[in-house]
Amino acid sequence: MHKMGIRSIALILIVLLAATSCSKKKKPTSLKPGKESSKTGLAYNGKDGFEVKQYKALPAGPDLVYIEGGRFTMGSLEEEVMGRRDNPKRTVSIQSFYMDQTEVANVHYLEYLNAVQRDSSEEFYAKALPDTAVWYNELSFNDSYVTMYLRHPGFRLYPVVGVSWVQANDYSAWRTAAVSQANNTAGAAAGGGKKKGFSFGKKKKAAAAEAEAVASSGPAPQLRIESGYVMPPYRLPTEAEFEYAAIAMIGTQYSDENQSNQRIYPWDGSTMRNPRGRKQGTMLANFKRGPGDYAGIAGKTNDGAIITQEIRSYPANDNGLYDMAGNVSEWVYDVYRPMSNTDVNDLNSFRRDGYQDEAKNYDTKNSNSIISDNLRVYKGGSWADVAYWLSPGTRRYMDQDSATAMVGFRCAMIATGSRK
């Protein structure tokens, strides 16, 4: 009887251990889906040719910072001094995404121009050139900026300016192809073979279609999206993404979903200076303090820059992003409409065109309006702007083919899969 009791206990323990081991079986995930379908029981990668391979997530593209999504109050918290009423407050939610840590600098754009000059037509190269004449002013001696700012080594890491919205999108398409080409080894290992470079312009008959394919679908078509080695395309951030990333409310959380304060700027408080620490009193951004005051007094300059300044010269915000206020304003993807904040969806808000607010509703013929689907939003404030425009909620607009010495850009990218 005693032996039977021991055997029974042992049998029970074996059953319990087996049950425990079964319960600890790892659940399938997007990156590790297992060897067979949990719905049909059929093996993946079998004779039927359906491939579902284990996958190790690709690292983020160069210079990209992961921005965890969430809800926030979109719109300006500043007093509406301009009287436009085009940025009322509204709660929206933004999906996680990636954004460039810094603005695109002169050296980065020169890299692009070099590739375009090498692989494309002269016509397209001419279209890709920034408008350096944006520095010229009949009543200012800015001539040295016209000839030096883009190409002189001393300005290499200053943000590129004189770039239109269209040119910024062309750069994003080229960057998608260039980064994909740099990931050639991973693609070959996945069975995709070597990727070819992309030409822009009209050097070849297929070049225009090829550029369009890059802009819309990302990396080289030899690799299927299912391979996992196709990087999402670089693009301009949406207005909502820029505002969400700039204000960085993640830095104000203290418990559960509670936040200690709201923000007017990408930092706490209503001042432009560092409130504490070793750098107390130093400027947090590059901007214009008032008429004629671009930097302060020599020897004690406020922000150290009369025009633009090198990227990373001012503190990053709580998302690890530099110059989300000041230095140069930045193009975003959206078409401008006065009431976008109230019209667009409250999830991943974005206006791609004049849907439900057509341009024909505005009196452009009699010069009572300039609203059209060619107007694009830019945000963030610049070296030539007063503090009001440094608030991420403020909005301005310009024709997509226009350029100034105060507007640059940075890229963004969707986030795929889980970060856990």
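Here are the numbers for this structure:
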| item | result |
| --- | --- |
| Some residue of segment 356-367 being farther than 21 Å from Asp86 by Cβ and hydrophobic (A, V, I, L, M, F, W, C) | no |
| Subset of segment 116-138 (residues that are of a type in the set (A, V, I, L, M, F, W, C) and modelled with pLDDT under 95) | none |
| Residue count for segment 233-253, restricted to those that are outside any helix (DSSP H, G or I) and not basic (Lys, Arg) | 7 |
| Meets criteria (among the polar types (S, T, N, Q), surrounded by 23 or more Cβ atoms within 10 Å (Cβ to Cβ) and modelled with pLDDT of 95 or more) for Ser349 | no |
| Test for Ile297: is it modelled with pLDDT under 90 and either hydrophobic (A, V, I, L, M, F, W, C) or under 20 Å from the mean Cα position of the chain (by Cα) (or both) | yes |
| Those residues of segment 366-397 which are among the hydrophobic types (A, V, I, L, M, F, W, C) and under 21 Å from Ala105 (Cβ atoms), in sequence order | Trp383, Ala384, Leu390 |
| Options Ala305, Ala325: the member that is within 27 Å of Phe141 (Cα to Cα), in contact with a Leu (Cβ under 6 Å, 6 or more places away or on another chain) and not charged (D, E, K, R) | Ala325 |
| Residue under evaluation Phe72, criteria (1) in contact (Cβ under 8 Å) with a residue 40 or more places away in the chain; (2) under 30 Å from Gly292 (Cα atoms), criterion not met | (2) |
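This table checks each residue for (1) surrounded by fewer than 21 Cβ atoms within 10 Å (Cβ to Cβ); (2) hydroxyl-bearing (Ser, Thr, Tyr); (3) in contact with an Asp or Glu (Cβ under 6 Å, 6 or more places away or on another chain); (4) under 25 Å from Ala168 (Cα atoms).
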| residue | (1), (2), (3), (4) |
| --- | --- |
| Pro237 | no, no, no, yes |
| Phe242 | no, no, no, yes |
| Ala245 | no, no, no, yes |
| Met249 | yes, no, no, no |
| Asn261 | yes, no, no, no |
| Arg273 | yes, no, no, no |
| Arg276 | yes, no, no, no |
| Met283 | no, no, yes, no |
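The values are calculated or read from the model by the stated rules, or taken from the named source; none is laboratory data. Just so we're clear, the structure is a prediction, and the values are computed from it rather than from any experiment. Because the Cβ atoms are built from the backbone with ideal geometry, glycine has one as well, and the counts that use them run over all protein chains shown.
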